[in-house]
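What follows is calculated from the coordinates using simple rules that are stated; it is not laboratory data. Predicted model only: the values in this text are computed from it and were never measured. No Cβ is skipped: glycine too gets one built from the backbone with ideal geometry, and neighbour counts run over all protein chains shown.
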Amino acid sequence: MKTIILASILAVAAVPAFAQSGHSMSGHGDGHMAQKQPAVAGSGTVDAVRADARQVKVTHAPIKALGWPAMTMDFAVADGIDLSRVKAGDRIDFELARGGDGIYMITGLTRK
Ligand SMILES: [Cu+2]
């Protein structure tokens with residue numbers, strides 16, 4: 001009995017690991033991978049900048065491409081975007097793309 005229980009635990013543990021390695025390869029076509037979507041444009045006003053956390057809080061206009069209404073939310077910001085040049089109150093245009101975790105992050109940012 002002990003052997004069977006151990007074997008089933010190993011099987012459960014092995015499945016996510018296998019799925020992870022599959023996800024690092026492109027083109028497996030199971031439909032939920034969205035990294036290849038084009039970037040989505042948005043605009044809004046910066047409410048807060050947390051450069052150390054690579055995050056900005058933005059009140060953005062509706063983003064029709066995503067079906068998002070206007071709202072205030074936190075975004076992660078891609079490496080390479082200089083947050084020292086962005087401050088609360090700035091009006092910005094930005095681009096969003098999904099990160100590896102599937103969550104939209106800011107991959108392009110320009111002040112108006
Ligand atoms: Cu939003």
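Just a few scattered comments:
- Enumeration of residues in the stretch 46-69 that are within 13 Å of the ligand (Cβ to nearest atom), touching a Phe, Trp or Tyr at 6+ places or on another chain (Cβ under 7 Å) and within 24 Å of Asp82 (Cα to Cα): Val56, Val58
- Extreme residue, nearest to the ligand (Cβ to nearest atom), among residues of the stretch 77-101 that are crowded, with 16+ Cβ neighbours inside 10 Å and assigned to a strand (DSSP E or B): Leu96
- Every residue from the stretch 102-112 that is outside any loop (DSSP other than H, G, I, E, B) and not polar (S, T, N, Q): Tyr104, Met105, Ile106, Gly108, Leu109, Arg111
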